[in-house]
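Novice: What follows is a structure written as structure tokens; I'll ask about it next.
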There are 2 protein chains.
Amino acid sequence: MALTVVGSVALDTVETPAGKNADGLGGAATFFSLAASHYTQVHLVGVVGEDFPQEHVDLLSAKGINIEGLERAEGKTFRWSGRYHDDINLRDTLDTQLNVFENFQPKLPEAAKNAKYLFLGNIHPALQLEVLRQSRAEFVALDTMNIWIHNTRSELEEILAKVDCIIINDEEVFDLTGERNIVRGARKIQDMGPSIIAPKKGEHGCLLFDGNKIFSAPAFPMADVIDPTGAGDTFAGGFMGYIAQQDSLDFDTLKKAVIHGSVLASYTCEEFGADRIALVGQDEIDTRYEAFVDLSRF
Amino acid sequence: MALTVVGSVALDTVETPAGKNADGLGGAATFFSLAASHYTQVHLVGVVGEDFPQEHVDLLSAKGINIEGLERAEGKTFRWSGRYHDDINLRDTLDTQLNVFENFQPKLPEAAKNAKYLFLGNIHPALQLEVLRQSRAEFVALDTMNIWIHNTRSELEEILAKVDCIIINDEEVFDLTGERNIVRGARKIQDMGPSIIAPKKGEHGCLLFDGNKIFSAPAFPMADVIDPTGAGDTFAGGFMGYIAQQDSLDFDTLKKAVIHGSVLASYTCEEFGADRIALVGQDEIDTRYEAFVDLSRF
């Protein structure tokens, strides 16, 4: 079934211990779309500026992503720049230029409205509410971040009450609930609305809460992480893409969706930018899925 | 097969957000022994002072632990006092009184020397070497900590070259190797000697490296951690106890050993002190083992 994502499309300049990549294709909705495109029809809703390279548009199109909702506005594309530490789990944001993203007013084309599955990327919760108003989706997941949690609490609570699933970092569970204990934090979020919580823990994997059921997925052990930018968005794309492909919300499907998200996220970490996740082959996905089976079966 | 452990036996005073427990039975070798006693014959080698309550000796005996090597010396028992933060992963040591443990000179009784499996608890590596000289064990694992890593490096490297397995925290992998990446850190430790590395990650579970093979075990998600003191030592006891019981080192056995260690460690966290792990029933172990299967199977 079709899947719509609304969020950022960006040009990222990233430094990691492995090197530097300037003005690479980035943004949450980009990584999400490319990951999900391996599983299902994706409708991408976002905005880029006049400087957005045509080759990136071509890549999205070549992956079969519907970009009717990718608006090209006057001005420059959203740019983010960051530097990772030797401990690759830590990074500093060096520069953020919202540019055309600052006045982003999501407008869903008809096909995007009709998608059964919807992912609300990390944008202002008032915009997430507006997207939800336009959409006819039956299953809705969202991402958020600390600035929305702290600055737009009431709007965030309003959207949380209306969605089925939230995919956030473990640190954001703490920001949102005040709970350092992830189980108690997840329970508090469930009380706010979504029954499905997927707290991402980076190199420690991901948990999945669905009602009273819990699943724990490992991360893929990697000796060389080149660039983790977009790994969390890739995870969300693989997770939602698999669910939309299977068109099922039973717990076995959700668990496999977590593994597919983790598989794709591991590939994103292997290279700078979004090419690796765009071009990863089905055979590679299958092979690493089996590696996750071996990694966690006893 | 029999299993010998050498390490601390202590009286712990612990404060956590759940409360306070004064002068409870503690020490690495204590938690290790009690955990391992659920699987195999354990020989405990350690030292206590004249103030060590007889009820603790009786508990160890009642669990079938051979305490012939538990020396009672003139003076006071090793005492440790600590306070945990609201984030239960963080703790401050308030006081350490080594007392009789300061001059501990391990002497293995004949039966302890003959045990096929040996665990060298977290003591000075020169003492670990002395224990190894006395022992006829065929499989040896060790624990260590930051002070030995930084202050007695050459002796630590000497013992590392002679053991088969090391069970340490992920932070100690960094202290020992300078590697924040756990895969590269484990490879560096393998180059120092042990082929089996079990880096414990607290609430994030545990990894297992055996040659080129890797296994990732989840932690048991707990809404209420009462007192995590001794959980790592309990893990090591369950891990080594299961291996000694099965008398096998194949990877499937090692993986199940990690889960048994994790099962017991989760019980240790449920109450203050060592009673919970001493008295946990076989039915409880089996039930939680199955919970780990459900938690990680997809």
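Novice: Any idea which of (1) closer than 22 Å to B:Pro199 by Cα; (2) within 14 Å of another protein chain (Cβ to nearest Cβ); (3) open to solvent by 10 Å² or more (accessible area, probe 1.4 Å) is the one B:Val263 doesn't satisfy?
Specialist: (3)
Novice: Let me ask something additional. Looking only at segment A:227-261, which residues are among the polar types (S, T, N, Q) and either within 18 Å of A:Asp210 (Cα to Cα) or free of Cβ contacts under 8 Å to residues at least 40 places away in the same chain (or both)?
Specialist: A:Gln246, A:Ser248, A:Thr253
Novice: Something else: For segment B:89-107, which positions are more than 19 Å from the chain's Cα centre (by Cα) and either within 14 Å of chain A (Cβ to nearest Cβ) or within 30 Å of A:Glu179 (Cα to Cα) (or both)?
Specialist: Passing the criteria: B:Asp92, B:Leu94, B:Asp95.
Novice: While we're looking at this one, here's another question. What's the total number of residues in segment B:177-219 that are of a type in the set (Ser, Thr, Tyr) and either more than 8 Å from every other protein chain (Cβ to nearest Cβ) or out of contact with any helix residue (DSSP H, G or I) (no Cβ under 8 Å at 6 or more places or on another chain) (or both)?
Specialist: The total comes to 2.
Novice: B:Ala236 passes all but one of (1) in a helix (DSSP H, G or I); (2) away from chain A (no Cβ under 14 Å); (3) open to solvent by 20 Å² or more (accessible area, probe 1.4 Å); which number fails?
Specialist: (3)
Novice: Does segment A:72-79 include one or more residues that are in contact with an Asp or Glu (Cβ under 6 Å, 6 or more places away or on another chain), assigned to a loop (DSSP other than H, G, I, E, B), away from every other protein chain (no Cβ under 14 Å) and open to solvent by 10 Å² or more (accessible area, probe 1.4 Å)?
Specialist: yes
Novice: Can you pull out every residue in segment B:240-277 that is closer than 14 Å to B:Glu203 by Cα and over 15 Å from the mean Cα position of the chain (by Cα)?
Specialist: Of everything in segment B:240-277, just one residue is closer than 14 Å to B:Glu203 by Cα and over 15 Å from the mean Cα position of the chain (by Cα), namely B:Glu270.
Novice: So for segment B:277-291 (the condition being of a type in the set (Val, Ile, Thr), open to solvent by less than 10 Å² (accessible area, probe 1.4 Å), in a helix (DSSP H, G or I) and farther than 18 Å from B:Phe139 by Cα), does at least one residue qualify?
Specialist: Yes - at least one qualifying residue is present in segment B:277-291.
Novice: Which residues, taken from segment A:266-276, are closer than 20 Å to A:Pro199 by Cα and either open to solvent by 10 Å² or more (accessible area, probe 1.4 Å) or more than 14 Å from chain B (Cβ to nearest Cβ) (or both)?
Specialist: Within segment A:266-276, A:Tyr267, A:Thr268, A:Cys269 qualify.
Novice: Quick one: in segment B:221-233, of everything that is at the interface with chain A (Cβ under 9 Å from one of its Cβ atoms) and within 15 Å of B:Val263 (Cα to Cα), which residue is surrounded by the most Cβ atoms within 10 Å (Cβ to Cβ)?
Specialist: B:Val225
Novice: Here is a follow-up. Do we have B:Ser296 as buried (at least 24 other Cβ atoms within 10 Å of the Cβ), within 20 Å of B:His204 (Cβ to Cβ) and among the polar types (S, T, N, Q) here?
Specialist: Against the criterion (buried (at least 24 other Cβ atoms within 10 Å of the Cβ), within 20 Å of B:His204 (Cβ to Cβ) and among the polar types (S, T, N, Q)), B:Ser296 does not qualify.
Novice: What number of residues within segment B:16-67 satisfy the criterion of being part of a loop (DSSP other than H, G, I, E, B), among the hydrophobic types (A, V, I, L, M, F, W, C), open to solvent by 20 Å² or more (accessible area, probe 1.4 Å) and in contact (Cβ under 8 Å) with a residue 40 or more places away in the chain?
Specialist: 1
Novice: Right, next: Is it true that some residue in segment A:239-254 is touching a Lys or Arg at 6+ places or on another chain (Cβ under 6 Å), in a helix (DSSP H, G or I), within 14 Å of chain B (Cβ to nearest Cβ) and surrounded by fewer than 21 Cβ atoms within 10 Å (Cβ to Cβ)?
Specialist: Looking for residues that are touching a Lys or Arg at 6+ places or on another chain (Cβ under 6 Å), in a helix (DSSP H, G or I), within 14 Å of chain B (Cβ to nearest Cβ) and surrounded by fewer than 21 Cβ atoms within 10 Å (Cβ to Cβ), one finds at least one in segment A:239-254, hence yes.
The values are calculated or read from the model by the stated rules, or taken from the named source; none is laboratory data. From a predicted model like this one, the values you see are computed outputs, not experimental measurements. A quick note on method: Cβ atoms are made from the backbone with ideal geometry, for glycine too, and the neighbour counts reach across all protein chains shown. Just the protein is used for accessible areas: all its heavy atoms, side chains included, with ligands, DNA and RNA removed. Shrake-Rupley method; radii C 1.70, N 1.55, O 1.52, S 1.80 Å.
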